[in-house]
Amino acid sequence: MSIPGVSEMTSPGTPLAPGHAPDRSGDPVLEIRGLCVDYGFGDDAVHAVADCDLTLGRGRVLGLAGESGSGKSTLAMAAIRLLRSPGVITGGEVLFHPRPASDGEPATTMDLLAAGEEQLRAVRWSEIAIVLQSALNALNPVSTIGAQFDELLATHRPGLGRASRRDRAGDLLELVGMTPERLRSYPHEMSGGMRQRAMIAMALALDPQVMILDEPTTALDVVTQREILEELMGLRDRLGFAALFITHDLSLLVEFADDIAVMYAGRLMERAPAASLFRAPRLPYTYGLLHCFPPMHGERYRMEGIPGSPPDLRDLPPGCAFHPRCQWAMPQCRQDVPKLEPLAGSPREVACWLHRGKATAPPELKLPDPAVTRPRTAPVIDTSAERAV
Amino acid sequence: MNTLALVPNVGAETPVLEGRGLTKSYWVKRNTGLLARRSRLHAVDDISVQLMAGAVTAVVGESGSGKTTVARLLARIVKPDTGDVLLDGQPVAAARSRKFAAQVQMVFQDPFASLNPVHRVRHHLARPLQIHHIADGDVDEAVLQLLHRVALDPPVNFADKFPYELSGGQRQRVAIARALAVRPRVLLADEPVSMLDVSIRLGVLNLLADLRDRERLAILYVTHDIASARYLADTIVVMYAGQLVEAAPSVSLTDSPAHPYTQLLLSAAPDPERRERPQLAARGAPPSLLAPPPGCRFHPRCPHVMEICKRMAPPTVTVSTGHAAACWLHVDSTNGVVDGVGVTPTTSPSPQREAEVQRPP
Ligand SMILES: Nc1ncnc2c1ncn2[C@@H]1O[C@H](COP(=O)(O)OP(=O)(O)OP(=O)(O)O)[C@@H](O)[C@H]1O
Ligand SMILES: Nc1ncnc2c1ncn2[C@@H]1O[C@H](COP(=O)(O)OP(=O)(O)OP(=O)(O)O)[C@@H](O)[C@H]1O
Ligand code: SF4
Ligand code: SF4
Ligand SMILES: [Mg+2]
Ligand SMILES: [Mg+2]
């Protein structure tokens, strides 16, 4: 399925592990277009997500960064129709392009926002799986991990017998570095890291094409965080799913995502390959955010962060919402909202007046694109022993 | 039992606040009903730290490693099982007296919870001034001064606000101003920025740096974010499972970590400058504090574990100027420590502290 104007928005895919059609990687699998979400109605409505366009390529990891309250979770939950009231979707479409059938016959695209409950149920978990920050809330506290796998598989894979379901559940736990014995454990008997691994195993149970990861490791310590993210990326390389990876930690995304989108006050403001965004940001907010993470090496020097604080969505400044904090704000920025648009000669999009018309961007925001993106290698996954977390 | 005296700050100067051999355990209930029994949880084991005037000491470590307990022990909010707290070299009473409180103040993680929502900023700052009889007469002026010290300018705009009218960063500044009201010489800040938005964290860290430099406050900065510790602190101490494992000037610690656990923490920390994904130096999780492993508590995870590590707690060894680590790897005849005997090193950590470290200006 090809949509005009989409192909140049997705950068070429990374090679996938054998067994997957490499030519498909990078094709859009989830396309969010013009998504608008409010909390509440009428004059009191808070525009938590405004006019967002975002495309997730097959087999790619798309990072969604932004500060607390910028609308990251709202965007993701609305896209898969898991938004809770008083959230209301007020516009847009979310296209899901299923994997082509094995005979090469293209499968039909589905608009998740127009889909009925029945259709959604068929897609959720089996095609699009979700891992949230707190596995404790997502897991049922009164059943064992095994029972929860069993229920999931019995519902979605009615053909599987009880024994096969148990085997499959055990295999899944091994995939994320746990022993099958853990099927007998209750969630509260496991550490936070282990529960998060179990959640990931459950999300993988039906071989989904898309994983939505909303702060999957934010509550965990750095060592556990890195173990889990390494595993996830290894699984992505082997299984070929695409991931929307949400976190406020931009420095983490630079390491783990292929592309990064930056959100501010409900709008997507910049989207670029991870290395480009890190080495040569085009948006003043991204530039500022990158200077909020003190480096681990080299000389220490005073850093200033970003002046002011993130705006209240109920009382947004007119024009570009970032203008009160932007050192390069121009008169136009105070009046007109910049739209996310592709930048000429570059695989990225930015919503900033500095890159439009006759305006000239400052040298800091004109650095050349880095030549090559880092090679990504799949870490070797050792499933021989259970990790302690 | 090995004494971990990881104190790279030792010098001619007397520390403003010092903890010596602080140990704290809690009795916790395991299981419920008939099987209920109480076991000893070793939260903090034999920790010594020194806070110098005009310096920030960071405590880093994973969740549950005992960082908050150390801060609370130093604040005299929690009573140690053994060990002493010294103010200007003099032992202080076990209970937190008003006199001690006027010298040693805490700042907490959650600026939302730490300010009563029904009172205006003015009230929050005036109260400690009145209780401690500071600025008698001109409390209003003193409140404005405090707001100015934490860069809430112009102060008159902030004095009459309620906490909910302030951003998270502004609220944390008010909490710091309140701690400063009694003119303390020591600030114990427990994860003061971890609940704040990324873009405003540096502002609060810079404020702490300014208080250190302008007013020569001694500051303890508790964090799990080693990059921010490197940014702000003069000295970093690393905790693992209730013990100190390494202490050094910040840059020395992050550039050349000597303890395998510190190496693990650094290899796991997010670092966008990395060319390749790091190989994690070790896996697994910290041990249960109910039954910590014998010998070195890190030995079940350590890639360099030796026989002796499983039997005996490692001594503290000076690995370079002002840089100490508790690890058998660094023990050899030149340290004056005989393998297997476990005596503490003869060379005590050097007085030199900041000569080679350049602070953020
Ligand atoms: N139930 C609700 N009612 C009203 N407003 C809400 C509700 N849930 C969220 N919001 C508002 O919508 C905005 C976006 O929230 P969202 O949770 O999507 O942000 P986020 O980027 O995921 O933040 P975080 O990093 O804290 O998870 C916030 O400003 C929040 O105040
Ligand atoms: N009042 C208490 N009763 C029982 N156990 C306690 C108490 N306070 C702390 N502990 C235990 O002591 C250990 C150290 O806790 P502490 O809060 O000092 O860790 P921390 O390093 O500050 O962790 P975090 O990063 O999660 O804040 C933990 O195992 C904790 O559960
Ligand atoms: S549009 Fe204007 S205010 Fe907004 S980021 Fe660009 S320059 Fe700054
Ligand atoms: S003492 Fe032994 S087990 Fe402990 S950190 Fe050093 S080498 Fe590893
Ligand atoms: Mg969220
Ligand atoms: Mg703590």
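The values are calculated or read from the model by the stated rules, or taken from the named source; none is laboratory data. Note that the structure is a prediction, hence the values are computed from the model and not measured. For neighbour counting, all protein chains shown are included, and Cβ atoms are generated from backbone atoms with ideal geometry for every residue, glycine included. Each accessible area value is taken on the protein alone, full model and side chains, heavy atoms only, with ligands, DNA and RNA left out. Shrake-Rupley method; radii C 1.70, N 1.55, O 1.52, S 1.80 Å.
Side notes on the structure shown:
- Label-to-label distance, nm, for residues given as residue B:90 and residue B:151 (7 Å Cα→Cβ offset): 3.6
- Percentage relative contact order, chain B, counting C-alpha pairs under 8 Å, at least six apart: 22
- Taking all protein chains as they are arranged and a probe of 1.4 Å, the heavy atoms of residue A:262 leave approximately 0 Å² accessible to solvent.
- Relative contact order (%) - chain A, alpha-carbon pairs under 8 angstrom, separation at least six: 19
- Whole-percent pair-distance distribution, where bins are 5 Å wide, for the alpha carbons of the range A:41-111: 3, 12, 21, 22, 17, 11, 7, 5, 2, 1, 0
- Peptide A:244-257 has a mean of 3 when you count, residue by residue, the C-beta atoms of other protein chains within 10 Å of its C-beta.
- Normalising the average separation of contacting C-alpha pairs (under 8 angstrom, six or more residues apart) by the number of residues puts the relative contact order of the range B:240-298 at 41 percent.
- Each residue of the range A:224-232 was assigned a 3J(HN,Hα) from its phi angle through the Karplus expression (A = 6.51, B = -1.76, C = 1.60, θ = phi - 60°), giving 5, 4, 5, 4, 5, 5, 4, 4, 4 Hz with x at Gly and Pro.
- With all pairs of separate Cα atoms included, the protein assembly as shown yields a Kirkwood hydrodynamic radius of 28.0 Å.
- In the assembled protein chains, residue B:329 presents an accessible area of approximately 80 Å² (probe radius 1.4 Å).
- Calculated FRET value between residue B:132 and residue A:85, using beta carbons and R₀ = 51 Å, to 0.05: 0.55
- Averaging 1/r over each pair of different alpha-carbon atoms in the range A:220-261 and inverting the result gives 11.0 Å, the Kirkwood hydrodynamic radius.
- Residues listed by number, the range B:266-295, amide nitrogen under 19 Å from residue B:40 label point at 7 Å toward C-beta: B:287-295
- Here is how the number arises for chain A: DSSP H runs of 4 or more residues each give -39500 (n - 2.57), the sum is divided by the residue count, and the result at 222 nm is -7000 deg cm²/dmol.
- Viscosity 0.890 mPa s, temperature 25 °C, Stokes-Einstein D of the range B:154-257 from Kirkwood C-alpha radius, µm²/s: 163
- Per-pair calculated FRET efficiency, R0 = 60 Å: residue A:163 and residue B:119 via Cβ, rounded to 0.05: 0.40
- Interface size, chains B and A: roughly 4200 Å² of accessible area buried, both sides included, 1.4 Å probe, rounded to the nearest 100.
- The stretch between residue B:99 and residue B:321, if pulled fully straight at 0.36 nm per residue, gains 76.3 nm over its current Cα-Cα span.
- Virtual paramagnetic centre 7 Å along Cα→Cβ of residue A:144, amide N under 12 Å, in the range A:173-187: A:180-187
- The heavy atoms of residue A:80 present about 10 square angstrom of accessible area, all protein chains included, probe 1.4 Å.
- Test item: A:219-229 mean partner chain Cβ contacts at 10 Å: 6
- In this rough spin-label picture, where each label sits 7 Å from Cα along the Cβ direction, the residue A:188-residue A:303 distance is 4.1 nm.
- Taking a straight line from the alpha carbon of residue B:67, these lysines sit under 27 Å away, with near neighbours fewer than eight places off in the same chain left out: B:24, B:29, B:79, B:99, B:310.
- For the range B:190-265 versus the range A:221-273, the spacing of their alpha-carbon centroids is 26 Å.
- In nm, spacing of pseudo-spin labels at residue B:274 and residue A:312 (7 Å Cα→C-beta vector): 4.0
- Anisotropy class of the range A:167-217 from Cα gyration tensor, a/c 1.5 cut: oblate
- Net length gained if the chain between residue B:183 and residue B:30 were fully extended (0.36 nm per residue, minus Cα distance): 50.8 nm
- If R0 is taken as 22 Å, the Cβ-Cβ distance between residue B:162 and residue B:210 corresponds to a FRET efficiency of 0.25.
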